[in-house]
Amino acid sequence: MPKTIQTTIQCVQCRQPIRATIQSVIDPAENPQAKIALLGGNINMVQCPNCGAPNTVLAPILYHDASKELLLSYVPMELGLPKDAQEKAIGELMRDVTSSLPQGGFKAYLLQPRQALTMQGLIEQVLQADGVTPEMMKDQRDRVKLVETFMQSPPDLLPQLVQQHDAKIDAQFIQTMTLVIQQLLGEGREQVAEQVAYIQNQIVELSTFGKQLMEQSQAQEAVIAEVADAVNALGQGANRADFLQLAISYNGDEQRLQALVGLIRPVFDYTFFEEMTAYIGQAPADDRADLEKLRDALAQLTAMIDQQAQAALQEAVGLLRVIVASPNPDEVIQANLPMIDNTFLQVLSANIQEVTRRGDINASAKLKDVYNRIVAALQASMPPELQFINQLLNAPNEDEVRSLISQHASEFGASLLGAIDAVEQQIAGQGDPAVMQRFDFVRREATQALA
Ligand SMILES: [Zn+2]
């Protein structure tokens, strides 16, 4: 069992006592999260529930990974323990490790742990055992340094700096920036995180790599739009055979096939593949090999899309947990607004339904509170015109709509009508007659008021 110790420390910032759980034996086979925290430099870090400040608890650590025959010990120098006390502390942790070994599990490497003198040294030895070479670590350190250079640069020199380091800006560099942002958020430094996110956006816009990335994603969007048109052209009554013909027309075109499966994943179910197999059986012999290739490609793409959906789902579940556990949910919501998408909202409402079904009133109230905060944050992040239209659509009656428009329409001017057009395009397909009726009324009144 991974050994944890409960202790009480004093918050470095507000001086209140905090309960803390210390991981003293880290075994990635039993607690992969602890390894991730260790590599992220967050091991034995607790956030103060009173003031939110991060507190690092200094404690001896024994790292054990039996699959790699790796046993590392680390005693923080800051503890100022004399040598025999260090050995005693590690010896106790060693007993926990050896006593929980399976029978016959004792091997020579367990006799003497390798000592790491610093936390950085411990992290590097764990990474090396994972096949991360010293060169790779150096490259990564260089990337982090470059991120720091960007962070310290005055904003007006940013374009020049990007040009200077253009060759070093690649996917790994952008990813490193994202890691830095996550780390800052984890430390409760939202404002700095926001600044780095802004710089990252600028770098993507200005660098050669970023421009290529944008072109690729634009090309991808164009393909998706084209495939979406083709799907829509099949009409409401389209069946599996129609979709099969469409897929056949894209055979060999990886991008279009991927767009097709992404757009209408539910079509590619078990029955579809059964029907496709029957179709291949009746096809001219010369066509069969190509069709079989297409079937394999479609099966692979469906599996890939399902995996992505699963990953997005897990990310959403993780974010929801962080928001619920945070002493300051609004800040977490603000910092993660781009992640709050349809998937996230689906996860949230599924959770609300589940706790309500179970009759857990506390959890249900907590989640509904989170829901209200998110709706408020999403509305606040909308352009003012959209907020106003939202208000009009939710007004209790038409008199109220008329009075709101006569009071506020002139503040927006013609841009209000543009926003009304944009919203209409979005909701036109949903076909709720009451909403559409209200919408027509809003448009008439706004046009009149602004004429
Ligand atoms: Zn505190």
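The values are calculated or read from the model by the stated rules, or taken from the named source; none is laboratory data. Since this is a predicted model, take the numbers as computed values, not measurements. Cβ: placed from backbone, ideal geometry, glycine included. Neighbour counts: every protein chain shown.
The table below lists the values:
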| quantity | calculated |
| --- | --- |
| Sole residue being in contact with a helix residue (DSSP H, G or I) (Cβ under 6 Å, 6 or more places away or on another chain) and over 27 Å from I181 (Cβ atoms), chosen from L101, L62, L79 | L62 |
| Unique residue being out of contact with any Pro (no Cβ under 8 Å at 6 or more places or on another chain) and within 21 Å of D306 (Cβ to Cβ) when the list is L246, L234 | L246 |
| I9 surrounded by 13 or more Cβ atoms within 10 Å (Cβ to Cβ) and within 16 Å of the ligand (Cβ to nearest atom) | yes |
| Candidates Q216, Q195, filtered to the one that is modelled with pLDDT under 85, more than 19 Å from Q163 (Cα to Cα) and of a type outside the set (V, I, T) | Q216 |
| Yes/no for N390 being loosely packed, with under 11 Cβ neighbours inside 10 Å, of a type in the set (S, T, N, Q) and not assigned by TED's automatic domain parsing to the domain that holds G235 | no |
| Test result for E135, on the phi < 0 side of the Ramachandran plot, in contact with a helix residue (DSSP H, G or I) (Cβ under 9 Å, 6 or more places away or on another chain), of a type outside the set (A, V, I, L, M, F, W, C) and assigned to a helix (DSSP H, G or I) | no |
| Count of the stretch 53-88 residues which are within 16 Å of the ligand (Cβ to nearest atom) and either under 18 Å from I36 (Cβ atoms) or of a type outside the set (A, V, I, L, M) (or both) | 4 |
| Selection count, the stretch 22-52, where residues are at negative phi, surrounded by fewer than 21 Cβ atoms within 10 Å (Cβ to Cβ) and within 16 Å of the ligand (Cβ to nearest atom) | 6 |
| Residue under evaluation Q163, criteria (1) over 29 Å from the mean Cα position of the chain (by Cα); (2) in the same structural domain as I199 (by TED's automatic domain parsing); (3) among the polar types (S, T, N, Q); (4) at pLDDT below 90, criterion not met | (4) |
| Unmet requirement for I18, which otherwise passes all of (1) within 30 Å of M177 (Cα to Cα); (2) surrounded by 15 or more Cβ atoms within 10 Å (Cβ to Cβ); (3) near the ligand (Cβ under 10 Å from one of its atoms) | (1) |
| Out of Y250, Y198, sole residue that is within 19 Å of the chain's Cα centre (by Cα) and among the aromatic types (F, W, Y) | Y198 |
| Within the stretch 78-118, considering residues that are basic (K, R) and closer than 16 Å to D65 by Cα, the one nearest to the chain's Cα centre (by Cα) | R114 |
| Residue that is within 26 Å of L184 (Cα to Cα), among the aromatic types (F, W, Y) and in contact (Cβ under 8 Å) with a residue 60 or more places away in the chain, where the choices are Y63, Y74 | Y63 |
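Conditions tested, residue by residue: (1) aliphatic (A, V, I, L, M); (2) closer than 17 Å to L185 by Cβ.
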{"residue": "D287", "(1), (2)": "no, no"}
{"residue": "D290", "(1), (2)": "no, no"}
{"residue": "L313", "(1), (2)": "yes, no"}
{"residue": "A316", "(1), (2)": "yes, yes"}
{"residue": "D330", "(1), (2)": "no, yes"}
{"residue": "I361", "(1), (2)": "yes, no"}
{"residue": "N372", "(1), (2)": "no, no"}
{"residue": "V375", "(1), (2)": "yes, no"}
